[in-house]
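Everything below concerns the one structure shown next.
The values are calculated or read from the model by the stated rules, or taken from the named source; none is laboratory data. Please read all numbers here as calculations on a predicted model, not as lab measurements. With ideal geometry, Cβ positions are generated from the backbone for all residues, glycine too; neighbour counts draw on all protein chains shown. Remember, those area values only see protein heavy atoms, side chains included, never the ligands or the DNA or RNA. Shrake-Rupley method; radii C 1.70, N 1.55, O 1.52, S 1.80 Å.
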Amino acid sequence: MDSLKEEGDVIPVFSMGDDELKFDDAYSEIMPILALKNTVLFPGVVIPITVGRDKSIKALQKADKGDKFVGVLTQKDMESEDPSPEGLHAVGTIARIMKILKMPDGSTTAILQGRKRFYPGIFVENEKMLEAEVNIIEDQIPVKNIEFNAIMSTVKDFSKKIVELSPQIPSEANMMLQNIKNNGFLLNFIASNMNLGVAKKQEILETSDYMAKAHLVMNVMNGELQLLQIKDQIESKVRGDLEKQQKEYFLNQQLKTIQEELGGNPQEEDLNKLQKLADTKKWPQEAKAAFDREIIKARRINPQIAEYSVILNYLELMLDLPWNEVTKDNFNLKKVKTILDKDHFGLEDVKTRIIEHLAVLKLKGDMKAPILCLVGPPGVGKTSLGKSIASALGRKFIRMSLGGLHDESEIRGHRKTYIGAMPGRILQSVKKAKTSNPVFILDEIDKLGKDFRGDPSSALLEVLDPEQNSTFHDNYLDIDYDLSKVMFIATANSLSTVQPALLDRMEVIEISGYSLEEKIEISKRHLVPKQIREHGLKDKDVILTSQIIQFITQKYTRESGVRTLDRTLAGVMRSVAKKVAMAEKYQEKLTQKDIISALGPIRFDNDEYSKVDIAGVAVGLAWTKVGGDILFIEAITSKGKGKLTLTGNLGDVMKESASTALSYIKAHSTSLGIDSECFDSTDIHVHVPEGAIPKDGPSAGITMLTAITSALKNKPVKPFLAMTGEITLRGKVLPVGGIKEKMLAAKRSGITEIMLCEENRRHVEQIPAEYIKGMTFTYVTKMDQVIENALGFLVF
C-alpha cells in the first residue's frame with residue numbers, strides 16, 4: 001500500500017450498536033496479509049485505502065474471491081516498499097473487504113471494516129503475496145465496572161468539547177458519538193480518528209486491558225483538548241483585537257462624516273489654525289521648511305494614533321519659540337546707570353561692564369551678547385543683579401538654577417521619538433520669555449552634577465560659546481536655534497569646581513563681600529523698607545538709625561553678604577509688629593536695648609577677636625567661600641626633643657608653611673636672639689582653633705612665623721595687628737589673594753593694623769578709602785621685617 005488518503009474527520013463512519021463488536025465470523029486458518037504504511041486499523045472502524053503495491057493488490061484480490069477477509073498489519077518502517085514479516089507489528093486487525101473500486105486515475109481503492117484483533121503465526125512462503133496463520137484475540141469489555149464507566153463518561157465529555165473547539169469537525173459528529181453505545185468501539189473509533197502518530201495508535205491497538213486502553217485514550221484526548229483550548233483563547237483574543245480596530249475605524253469614519261455634515265473636523269481645524277500662525281510668523285527658512293514637513297505628515301496620519309500628538313506638540317513648540325522676535329534695548333545709558341545704582345549699592349565693576357556693552361551696541365547696532373560669570377560669596381546680590389540688569393536694559397528676565405543638575409538632557413532635551421520627550425530647559429525658558437534676547441541667569445553654575453546620564457557642564461560649552469551658540473542644537477527641536485542674542489550671566493561661589501573649558505568661555509567678574517558702610521547703606525535703602533512692607537508696618541511705626549543698623553550688623557551677623565542681616569532685621573520687625581498688633585506702647589526709634597530684647601544676647605563681640613595679650617598668639621587673615629575671616633594661630637613651647645606638632649585640621653600647604661617658618665627661625669636663631677640649643681630640648685606645638693573646619697593655603701605663612709617666634713621669645717605680638725602673606729626659606733614675603741575680603745573681615749573684627757606683602761599694595765589701593773578708614777597698613781618684603789613690626793625688636 002503506497003499511502004492512506006486520510007481525510008481527517010471526513011472519513012466515513014458508521015454507528016455501531018451494542019452487539020456490533022461481537023462478530024461471529026468464520027475465519028480460515030491461513031489468511032492473506034495486507035501491510036499498511038501510515039495508519040492503524042481498529043476493530044469496528046471502516047476506512048478507505050488506496051492500494052498500489054503488487055503484493056497488496058494480489059492479497060486483496062485473493063481475499064475478495066474467497067471469504068473476503070484479510071489480515072491487516074501496520075509496517076514498522078514506513079519507507080519500506082516490500083516489508084518482510086519481521087518488518088510488521090505483532091498485532092493487527094482482521095478486516096472484511098466491503099468494496100473494491102477502480103478509480104478514474106487507474107488506482108484501486110478498497111473499503112475495509114475492522115473485525116477482530118489477531119496476531120500472526122507462521123508466515124507461508126509465497127513470493128506473490130504475504131500469507132500467515134491467524135490467531136484471534138478475544139476482547140473482554142468491562143460491563144459493570146464503575147471506574148471504567150467513569151473514564152468512558154470523561155472520554156465522551158472530552159470528545160464533545162473537542163468537536164466544539166475544532167472548526168473543521170462538523171457539529172453532527174457529536175450526535176454520532178452519542179449514538180455509539182459500545183464502549184469498546186467508541187475507544188477504537190476515537191483512537192482511529194485522533195491526530196496521533198502511528199506508534200501511539202499501534203500501542204493503543206496492542207493494549208488488551210480495556211481499562212488501560214481507556215486511560216491511554218483519555219490522556220491523549222486531554223492533551224489535545226488543552227491544545228485546542230489555548231488555540232481558541234489566542235484566536236478569540238486576535239478576533240477581539242481585530243473587531244475592536246474595525247469598530248474604532250467604523251466609529252471614526254462615522255464621526256468624520258458627522259463632523260463634515262456639521263461643518264468641520266476638529267483636528268483639521270487645529271492644523272489650519274497652526275498653519276495660519278505659521279504664515280504670519282517671522283522665522284528662518286530652515287525652521288519654516290521643518291514646520292511644513294511636519295504639518296504635512298500630521299494631515300496624513302490618523303489623529304487617534306500616538307504619533308499624532310507627538311507631531312502636534314512639536315508644531316506648537318516651533319510656533320511658540322521667538323525665532324526672530326526681540327525686545328528693543330534701552331540705549332539711554334544714563335538712565336540705565338541710574339536704575340542699576342538704585343537697585344544695587346556698590347558692584348561697580350559689573351555695572352561698568354554692562355554700560356560698556358550697551359555703548360558698543362548703541363554705536364554698532366549689532367553685537368554678540370557678552371557671557372559674564374559673577375563670582376562671589378553668598379548673599380552679595382549676584383542673582384538679583386541679573387534681574388536689575390534686565391530691568392535696566394528693558395529685556396525679559398529668565399533664571400535657571402543649575403544646582404544639582406546631573407542630566408545632559410536637561411540642557412539639550414530628549415529626542416522626540418521617546419515617550420514624554422521634551423525640549424531642554426534652555427529652549428523652554430526662551431519660549432517662556434517670548435523673546436530671543438532675554439537676560440538669562442545660569443544660577444549656581446559651580447554646583448553642576450555629573451553621573452552616568454552625562455555631563456551637563458559639557459553640554460553648556462555650546463550654549464556659552466559666542467562662536468557656537470548661534471547654531472545651538474536641541475535634540476527635541478532637531479534644528480539649529482540662535483542663542484547669540486541672549487545675554488547669559490552665570491553665578492558661582494567658587495571657580496574651583498567649574499570645568500576649565502567652560503570657564504574659558506566666560507568673562508569672570510569677581511564680586512567681593514560688602515564693607516560695614518555698604519551694609520548700612522544697603523539696609524537703609526533696601527532691606528529695612530522691604531521688611532517694613534512685608535510685615536505690614538508703616539514707615540512711622542519703626543525708625544532704625546545708622547548707629548542701630550551698625551550695632552545689628554556688627555553684633556548679630558558675621559558674613560560677606562547681607563542674607564543673615566536681612567533675616568535679623570526681619571526678627572526686629574516681627575517684634576515691632578507684635579507690639580503694634582497688641583496695641584502695646586513702645587518707642588518707635590529703637591535703641592540697643594530694644595534690639596537685644598528682640599534678638600536676644602549679642603552673638604559676636606569684636607574685642608574677643610582682636611585683643612591678643614599673651615605670647616605665641618598671632619592673628620592671620622583667611623579667605624573662605626563666604627568671604628574673609630580672621631584666623632588665630634597659637635604656638636606654645638614645652639620641654640622635649642625638638643618635635644613640631646601641628647593641629648587644627650590643617651592642609652598640606654599650611655603644614656609646609658609651619659615647617660618653613662621653623663626652619664627659617666632655626667637658621668637665623670642668632671640674629672633673632674634665640675639660643676640655638678633650645679631647639680633640641682624644646683617641643684613646639686602650633687594650633688589653629690576651630691579644628692572641625694579644614695584649613696589650607698600659603699597665606700598664613702608670616703602668621704606662623706610670628707606665632708612661633710613669639711612663643712620662643714616669650715614676647716606677645718603687637719595688639720590689634722593682623723597679617724597675611726606667604727614665606728620662603730630665603731626670607732622673602734610673597735603676595736597672596738583675596739585682599740579685599742580679608743581687609744573687610746579685619747575691619748569687621750576691629751583690627752586696626754594690617755601687615756602684608758609690598759606687592760599687595762595695589763590691591764589695597766583698589767579698595768574704596770571709606771571701607772578701610774581708621775586702618776593702617778604695613779608693607780613688607782622680608783621675613784625679618786615681619787618679626788620687627790610684630791614683636792617690636794630689631795633683627796640683626
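Observations on the structure shown:
Yes/no per residue for (1) open to solvent by 10 Å² or more (accessible area, probe 1.4 Å); (2) outside any helix (DSSP H, G or I):
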| site | (1), (2) |
| --- | --- |
| GLY449 | yes, yes |
| THR497 | yes, yes |
| GLY513 | no, yes |
| LYS555 | yes, no |
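Per-residue answers, yes or no, for (1) under 30 Å from ILE772 (Cβ atoms); (2) in contact (Cβ under 8 Å) with a residue 60 or more places away in the chain; (3) in contact with a Lys or Arg (Cβ under 9 Å, 6 or more places away or on another chain):
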residue: PRO456; (1), (2), (3): no, no, yes
residue: ASP474; (1), (2), (3): no, yes, yes
residue: ILE479; (1), (2), (3): no, yes, no
residue: ALA492; (1), (2), (3): yes, yes, yes
residue: ALA501; (1), (2), (3): no, no, no
residue: ASP504; (1), (2), (3): no, no, no
residue: ILE509; (1), (2), (3): yes, yes, yes
residue: SER512; (1), (2), (3): yes, yes, yes
residue: SER515; (1), (2), (3): yes, yes, yes
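- Condition met for GLU462 (farther than 30 Å from TYR314 by Cβ, modelled with pLDDT under 85 and among the charged types (D, E, K, R)): no
- Within segment 87-113, the set of residues being open to solvent by less than 50 Å² (accessible area, probe 1.4 Å) and either basic (Lys, Arg) or not in a strand (DSSP E or B) (or both) comprises GLY87, HIS89, VAL91, SER107.
- Segment 400-412 - residue that is in contact with a helix residue (DSSP H, G or I) (Cβ under 7 Å, 6 or more places away or on another chain) and farther than 10 Å from SER457 by Cα and, of those, least open to solvent (accessible area, probe 1.4 Å): MET400
- Condition check for ASP675: open to solvent by 70 Å² or more (accessible area, probe 1.4 Å) and either in a loop (DSSP other than H, G, I, E, B) or in contact (Cβ under 8 Å) with a residue 60 or more places away in the chain (or both): yes
- Within segment 372-391, restricting attention to residues that are among the aliphatic types (A, V, I, L, M) and over 16 Å from THR435 (Cβ atoms), the residue that is surrounded by the most Cβ atoms within 10 Å (Cβ to Cβ) is VAL380.
- Filter pass, ALA173 being part of a helix (DSSP H, G or I), among the small types (Gly, Ala, Ser), surrounded by 14 or more Cβ atoms within 10 Å (Cβ to Cβ) and free of Cβ contacts under 8 Å to residues at least 40 places away in the same chain: no
- Checking each residue in segment 300-317 for being more than 12 Å from ALA421 (Cα to Cα) and either in contact with an Asp or Glu (Cβ under 8 Å, 6 or more places away or on another chain) or not in a helix (DSSP H, G or I) (or both) picks out ILE301, ASN302, PRO303, GLN304, ILE305, LEU312, LEU315.
- Test result for LYS297, in a loop (DSSP other than H, G, I, E, B) and either within 30 Å of GLU248 (Cβ to Cβ) or not polar (S, T, N, Q) (or both): no
- Checking ALA289 against (1) over 30 Å from ILE47 (Cβ atoms); (2) in contact (Cβ under 8 Å) with a residue 60 or more places away in the chain; (3) open to solvent by less than 50 Å² (accessible area, probe 1.4 Å), the condition it does not meet: (2)
- Some residue of segment 63-86 being open to solvent by less than 60 Å² (accessible area, probe 1.4 Å), aromatic (Phe, Trp, Tyr) and outside any strand (DSSP E or B): no
- Residue match in segment 349-371 (condition: part of a loop (DSSP other than H, G, I, E, B), open to solvent by less than 30 Å² (accessible area, probe 1.4 Å) and modelled with pLDDT of 80 or more): yes
- Selected residue (criterion: most open to solvent (accessible area, probe 1.4 Å)) from residues of segment 454-491 that are part of a helix (DSSP H, G or I) and farther than 21 Å from LEU405 by Cα: THR471
- Filtered residues of segment 529-553 (kept if crowded, with 18+ Cβ neighbours inside 10 Å, closer than 25 Å to GLY750 by Cβ and among the β-branched types (Val, Ile, Thr)): ILE548, ILE549, ILE552, THR553
- Filter result (in a helix (DSSP H, G or I) and not charged (D, E, K, R)) within segment 425-447: ILE426, LEU427, GLN428, SER429, VAL430, ALA433, ILE445
- Residue within segment 240-263 that is part of a loop (DSSP other than H, G, I, E, B) and open to solvent by less than 90 Å² (accessible area, probe 1.4 Å) present: yes
- For segment 678-689, taking the residues that are assigned to a strand (DSSP E or B) and in contact with a helix residue (DSSP H, G or I) (Cβ under 7 Å, 6 or more places away or on another chain), the one that is nearest to GLY642 (Cα to Cα) is identified as ILE684.
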